[in-house]
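Participant: Next up is a structure, given as structure tokens.
Read the figures in this text as sums done on the coordinates, not as results from a lab. This structure is a prediction, so every number in the text was calculated from the model and none was measured. Here the Cβ is made from the backbone with ideal geometry for all residues, glycine too, and neighbour counts use every protein chain on show.
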Amino acid sequence: MTETFALTPRYPHLLHGADYNPDQWLDRPDILEKDIQLMRKAGINCVSLGIFSWAKLEPAEGEYHFEWMDRIIETLYENGIYTVLATPSGAKPAWMAQKYPEIRRVDRHGMREHQGGRHNHCYTSPIYREKVCQIDTLLAQRYASHPAVILWHLSNEFGGECYCDLCVEAFRNWLAERYGTLDALNHAWWADFWSHTYTDWSQIEPPYVNGETNVHGLNLDWKRFVSDRTRDFVRMERDCVKAVNPDIPVTINMMEDFYYGLNYFDFRDVVDVVSWDSYPHWHEGADEILPAHQTAIIHDLMRSLKDQPFLLMENTPSTTNWAAVSRVRKPRMLMLSSVQALAHGSDSVQYFQWRASRGSCEKFHSAVVGHDGTDASRTFQEVSQVGKMLQDADMLYPTQIRAQACVLFDWENMWAIDNSKGPRNAGMYYRDTVREHHRALWRQGIACDIKDSVTFEPDRYKLVIAPMLYMLRGGIEDKLRKFVEGGGTLVTTYFSAVVNETDLCFEGTVPHALCDVMGIVQDEIDALYDGMSNGIRVTDSDGLALRQSYRSTQLCALIHTTTAKTIGVYETDFYAGSPAFTVNHYGAGQAYFLATRPQEDFYTDFYTAIAEKLGLERALHAPLPDGVVAGKRCGENGDQFLFLQNYTYEAQEIPLDGGYIDLITEQPYSDRISLPPLGSAILRPASSANR
Ligand code: GLA
Ligand code: ZN
């Protein structure tokens, strides 16, 4: 575990900020002046500036205008507001797209895009790279030594792919470097199948819609290449700004839901600070547990990428403009989601955006300041309360989260599973399955890291859950073996250890190199149509408090045990009575194999029992009411902070495991606290009460 440290050394505090786009108001000094007053009122201490400012910074080729930005950075700073300075590469100016067509992306049909939108430049184009480096360097020369600038925000939400000739050429070079010879590539891709053997590098094309989409190794390598290309672009931008002043940290704002197109684990070394943009669909169901968990697991991922706190770079003060239905945030929801972010390791709450645009597609996206232009709105009031909370909670800086459990989520594994043409093309649900396992720990207030096959370190955890570990890469099989041998508890499932890292099926038994660790062999894998189910009947619970039976759906691996003991068997079909859930004692540890996909009740019972058995640390040593979640952050000096979150629409009474004091209100609680619907609190133990 790395030492705690300041994410933004020039301003080592919790950040309360917003995307600030004053380039839309440069002809309105009255508005810019009002912005500063209102920012102070809302307790804003930083803004993300210049994200889409290229056309105002360089309105014609080589003609630069920084005066407006000088003024804004300076005035903000005089008012105690720091700048997270963006590079403008996320949206290219029209003159550039017109003059240099190669910078515009080509889509999967091979069609070059017209100018418009954003996040649509070619990552390979030497011209675009040169233009970006020029503007980045000028920005750095002008501002990187200004005490107001605390962080680089490189571009915006990197993503997407380009199929232009330059990218195709780069792909071929990337492959040549990876495989060395065409023979090696043909073998790795199993290209002799259907006579798809390549006899010259120039025959290789990316998976165009009307081209080659059946070679799984190609599909997978294209995804890897796109991720790698994007990373290379990020590295280029980073190097340009760091060449001027290496001391300002850089971040990129990542996206939610295990953003499909980029393997974020590979970006951990090119950024100093991890940050992400969170837009949950609140207020869709009877409670907020599911959207809260979807957010929680990404917070955990972001913390785990660099094993350090991260920033919540964007979240919406109320509605978005892009959801099918945009509900306003109900009272207390903004505070609750802000406390949640802190609970998982965020050192900031930042918004998109400060002031609502008057026109174009984001005019109805909520902002801290709406079209009324005042502080009168409910949204402004709630944002100000979060600002006040962050000021009071500044003693959290620097603290961190220590997890004894880890869930493996691997991007390359996901890409390969989704492309497997396997037992259920109707949906394998890898991400959902990962979430289900994680959610059972989250609901108990047990901290959990998210690692991939490469970043997982066997010595750190007591419990490791590796759902659907279809692809073995990064030596994960050896790490998991070592982990179990050394006394760890491993949980894995059907569809594990099936292929190597180019998606070739292993010869021999499945789960390939883990058969002895799991003590089972998979003979077949049956898939169920939607609406069908089987079940697990518990025959010998091995000391775990389990019910007699659990329903399961979608996939049923038919396995036989070698050294494992059967905990539960299938309930129906011709394989009724054969093992569905097993445990193997291996070395000093144990390995559970779940052969089918159960429902939430199973995960709840199983992970409650496992947590008990392993003595996993919980944030609160008292039973949590359903829908109440607890998190904990610790300081080097022994400080502890407890975060309580009520994701239900009922008031909740929460028993405490000792005396606590509310960090914000200073109110003491001896043995219980009640939270209103959607309520939250940050508490510190009464015994460490000095502030
Ligand atoms: C993303 C972008 C922002 C804005 C918001 C709207 O997160 O980074 O520029 O468009 O979405 O929700
Ligand atoms: Zn391209």
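Participant: Show me 392-400, 273-281 ranked by packing, highest mean number of other Cβ atoms within 10 Å first.
Facilitator: On the way: 392-400: 17.7, 273-281: 21.9.
Listed from highest to lowest mean packing, they are 273-281, 392-400.
Participant: Ok, one more. Enter the Cα centre distance for the pair region 622-691 and region 33-69, rounded to the nearest angstrom.
Facilitator: 39 Å
Participant: So if R0 is 60 Å, what FRET efficiency would residue 108 and residue 640 give, r being the distance between their Cβ atoms, rounded to the nearest 0.05? Spell out each step's value before the answer.
Facilitator: Working: r = 51 Å, r/R0 = 0.85.
Computed FRET efficiency for residue 108 and residue 640 comes out at 0.75.
Participant: I've got another one for you. Given axes a ≥ b ≥ c from the Cα gyration tensor, I'd like to know whether region 49-204 is rounded (a/c under 1.5), prolate (a/b larger than b/c) or oblate.
Facilitator: Numbers: a/c = 3.40, a/b = 2.36, b/c = 1.44.
Note, shape of region 49-204 comes out prolate.
Participant: Separate question: Cross-chain or 8 or more residues apart, Cα under 27 Å: how many lysine pairs in region 405-614 fit that? Count them up, please.
Facilitator: Count of close lysine pairs: 14.
Participant: Run the quick spin-label model on residue 432 and residue 376: label points 7 Å from Cα toward the beta carbon, then report their separation in nm to one decimal.
Facilitator: About 4.7 nm, to one decimal.
Participant: Given 5 Å bins starting at zero, what is the percent of C-alpha pairs of region 336-483 in each, up to the one with the largest pair distance?
Facilitator: It works out to 2, 8, 13, 13, 12, 11, 12, 11, 9, 6, 3, 1, 0, in whole percents.
Participant: Find how much the distance from residue 209 to residue 127 grows on full extension, using 0.36 nm per residue of separation minus their present alpha carbon separation; answer in nm with one decimal. If you can, show how the numbers build up before the last one.
Facilitator: Values: separation 82, 0.36 × 82 = 29.52 nm, distance 2.71 nm.
Additional length available on full extension: 26.8 nm.
Participant: Let me ask you something else. Spin-label point model (7 Å from Cα, Cβ direction): what's the residue 70 to residue 622 distance in nm?
Facilitator: Output for this residue pair reads 5.9 nm.
Participant: Given a Förster radius of 60 Å and the C-beta distance between residue 27 and residue 545 as r, what FRET efficiency does 1/(1 + (r/R0)^6) yield to the nearest 0.05? It would help to have the intermediate numbers written out before the result.
Facilitator: Numbers: r = 68 Å, r/R0 = 1.13.
Given R0 = 60 Å and the Cβ-Cβ separation, E is 0.30.
Participant: Can you give me the C-alpha center-to-center distance between region 459-530 and region 10-25, rounded to a whole angstrom?
Facilitator: For region 459-530 versus region 10-25, the Cα centre distance is 45 Å.
Participant: Additional query: Express the relative contact order of the chain as a whole percentage, based on alpha carbon pairs under 8 Å and six or more residues apart in sequence. The partial results should precede the final answer.
Facilitator: On the way: 1436 pairs, mean separation 74.4, N = 691.
Relative contact order of the chain: 11 percent.
Participant: Just the number, please: percent antiparallel of the DSSP beta bridges in the chain, rounded to the nearest 5.
Facilitator: Values: 54 of 99 bridges.
Once the DSSP bridges in the chain are tallied, antiparallel ones form about 55 percent.
Participant: While we're looking at this one, here's another question. Towards the positive end of the charge dipole of the chain, with charges on Cβ (+1 Lys, Arg; -1 Asp, Glu), say which of 345, 202, 560 has the farthest Cα.
Facilitator: Of the options given, the answer is 345.
Participant: If you don't mind, another one. If you take every residue apart from residue 538 with its C-beta less than 15 Å away from the C-beta of residue 538, what net charge results, scoring Lys and Arg +1 and Asp and Glu -1?
Facilitator: On the way: positive: 537, 547, 551, 565; negative: 540, 542, 571, 601, 605.
Its environment carries a net charge of -1.
Participant: Run the reach check for residue 92 against aspartates and glutamates, Cα to Cα strictly under 17 Å, same-chain hits fewer than 8 apart removed. What comes back?
Facilitator: By straight Cα distance, residue 92 reaches 23, 58, 61, 63, 102, 113, 130, 136, 157, 161, 237.
Participant: Label 7 Å along Cα→Cβ of residue 184; region 488-525 residues with amide nitrogen under 14 Å?
Facilitator: Correct set: 502.
Participant: Pull out the extension gain between residue 257 and residue 40, defined as 0.36 nm times the separation in residues minus the alpha carbon to alpha carbon distance; nm, one decimal. Don't skip to the answer; put the middle values down first.
Facilitator: Numbers: separation 217, 0.36 × 217 = 78.12 nm, distance 3.31 nm.
Taking 0.36 nm per residue and subtracting the Cα distance, the gain is 74.8 nm.
Participant: Against the globular-protein guess of 2.2 N^0.38 Å, express the Cα radius of gyration of region 57-105 as a ratio, rounded to two decimals. Walk me through the numbers on the way to the answer.
Facilitator: Details: Rg = 14.4 Å, N = 49, 2.2 N^0.38 = 9.7 Å.
Its radius of gyration relative to the 2.2 N^0.38 Å reference: 1.49.
Participant: Shifting gears a bit: With a cap of 14 neighbouring Cβ atoms within 10 Å, and only residues DSSP puts in a loop, list the chymotrypsin sites (Phe, Trp or Tyr not before Pro) found in region 526-579. Please list the in-between numbers first.
Facilitator: On the way: sites: 529, 550, 570, 574, 575; in loops: 529, 574, 575.
Loop-located and lightly packed - 529, 574.
Participant: Please work out the Cα convex hull volume for the chain and give it in Å³ per residue. It would help to have the intermediate numbers written out before the result.
Facilitator: Numbers: hull volume 111.0 nm³, N = 691.
Taking only Cα atoms, the chain has a hull volume of 161 Å³ per residue.
Participant: Would you calculate a helix-derived [θ] at 222 nm for the chain, using -39,500 (n - 2.57) for each DSSP H run of n ≥ 4 and dividing by the full residue count, to the nearest 500?
Facilitator: On the way: 16 runs with 198 residues, N = 691.
The helix-only estimate for the chain comes to -9000 deg cm²/dmol at 222 nm.
Participant: Hey, got a sec? Which chymotrypsin sites (Phe, Trp or Tyr not before Pro) in region 613-666 land in a DSSP loop and have at most 14 other Cβ atoms within 10 Å? Walk me through the numbers before you get to the answer.
Facilitator: Details: sites: 641, 643, 647, 649, 660; in loops: 647, 649.
Loop-located and lightly packed - 649.
Participant: Tell me, in nm to one decimal, what length is gained between residue 235 and residue 323 on full extension, where the rule is 0.36 nm per residue of separation less the Cα-Cα distance?
Facilitator: Numbers: separation 88, 0.36 × 88 = 31.68 nm, distance 3.21 nm.
Net length gain for the segment: 28.5 nm.
Participant: Regarding region 405-614, what whole-number volume in Å³ per residue does the convex hull of its Cα atoms give?
Facilitator: 106 Å³
Participant: Could you pull the Cα extents of region 628-688 along its three principal axes, largest to smallest, in whole Å?
Facilitator: 37, 20, 19
Participant: Whole percent per 5 Å bin, from 0 to the bin with the longest distance: what is P(r) over all C-alpha pairs of region 270-368?
Facilitator: Bins of 5 Å from zero give 2, 13, 23, 23, 18, 12, 7, 1, 0 percent of pairs.
Participant: Before anything else, pin down the relative contact order of region 405-614: Cα pairs under 8 Å, at least 6 apart, normalised by residue count, whole percent.
Facilitator: Working: 463 pairs, mean separation 42.0, N = 210.
Rounded, it is 20 percent for region 405-614.
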